[in-house]
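Please read the structure below before turning to the comments.
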Amino acid sequence: MRAAIKAAKRGLSEGEVPIGAVVVYEDKVVARGYNRRARLQLASAHAEMMAIDKACKKFGSWRLPEGCELFVTLEPCPMCMGACLNARVDKVYFGAYEQKGRSLTAALAEANLLNHKTEVLGGVLEGECSGLLTEFFSSMRQKQKEEKQRKKEIGDKEI
């Protein structure tokens, strides 16, 4: 999970929501990803998708080898959980639980939608993972508040 947190911080340094993911095979990180939605302007550019795509390219197959695990700093959304199932990720470990909306991760993993089961474990380094997100969104709200105040002050001067 530490490698996923490091990836999340890289995304943060680029102005992205700090979510990071790594694919691990035989106790080695084989692929890393972080949120790139803002930079790439792609709805699918989630950390998990980036890491899974890189791992698939590395192994030369859309099916990852048995034993691949995904570590991600935030609970996967339905799209990313679907990618985990489709790529045959054996285990998904996530840090922070999704605060918005209802969690579907475990339900999708157990739904028997494909002929593959993925084990899911949440809350790994939860405090550190959720702290990154809380700090990011607090900072973003503060910047928006300051910008709104600045615009108000400029508008008052023009009157």
- Message: Accessible area per residue for the chain in Å², computed with a 1.4 Å probe and the full protein assembly in place, what is it?
- Response: 60
- Message: From the protein chains alone at 1.4 Å, what is the descending order of accessible area for Phe137, Phe71, largest first?
- Response: Phe137, Phe71
- Given a 1.4 Å probe and the protein chains all in place, what does the accessible area of Glu75 round to, in Å² to the nearest 10? 10
- Query: By how many degrees, 0 to 90 and rounded to 10, does the Cα axis of helix 78-87 deviate from the longest principal axis of the chain?
  - Reply: 30
- Message: Tell me the angle of helix 126-158 to the major Cα principal axis of the chain, expressed in degrees between 0 and 90 and rounded to the nearest ten.
- Response: 30
- Message: Quick check: at a probe of 1.4 Å, how many percent of the accessible area of the chain sits on carbon and sulfur atoms?
- Response: 52
- Query: With each label point set 7 Å from Cα along the Cα-Cβ vector, what nm distance links Lys28 and Gln144?
  - Reply: 4.4
- Query: Using alpha carbons only, how many degrees (0 to 90, rounded to 10) separate the axis of helix 47-59 from the longest principal axis of the chain?
  - Reply: 40
- Note on the structure: Given pairs Lys58/Lys145; Lys100/Lys151; Lys54/Lys151 and cut-off 32 Å on Cα-Cα distance, the over-length ones are Lys58/Lys145; Lys54/Lys151
- Report the local net charge at Ala21: Lys and Arg +1, Asp and Glu -1, summed over other residues whose C-beta lies under 14 Å from its C-beta. +4
- Query: Between rounded, prolate and oblate, where does the stretch 1-57 land on the alpha carbon gyration tensor, with a ≥ b ≥ c its root eigenvalues, rounded for a/c under 1.5, else prolate if a/b exceeds b/c?
  - Reply: oblate
- Note on the structure: Residues other than Val124 with Cβ under 14 Å of its Cβ, Lys/Arg counted +1 and Asp/Glu -1, net out at -3
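Please identify every one of the trypsin sites (Lys or Arg not before Pro) in the stretch 1-100 that sits in a loop by DSSP and has no more than 16 other beta carbons within 10 Å of its own beta carbon.
Arg63, Lys100
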- Task: Would you pull out the residues with amide H under 5 Å of Leu74's amide H, same chain only if 5 or more places away, H placed 1.01 Å from N?
- Result: Gly20, Gly95, Ala96
- Query: In nm, to one decimal, how far is the Ser44 label point from the Glu135 one, both placed 7 Å along Cα→Cβ?
  - Reply: 3.3
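The values are calculated or read from the model by the stated rules, or taken from the named source; none is laboratory data. The model shown is predicted, which means the values in this text are computed figures rather than measured ones. Here Cβ is always computed from backbone atoms with ideal geometry, including for glycine, and neighbour counts include all displayed protein chains. Only protein heavy atoms, including side chains, enter the accessible area calculation; ligands, DNA and RNA are left aside. Shrake-Rupley method; radii C 1.70, N 1.55, O 1.52, S 1.80 Å.
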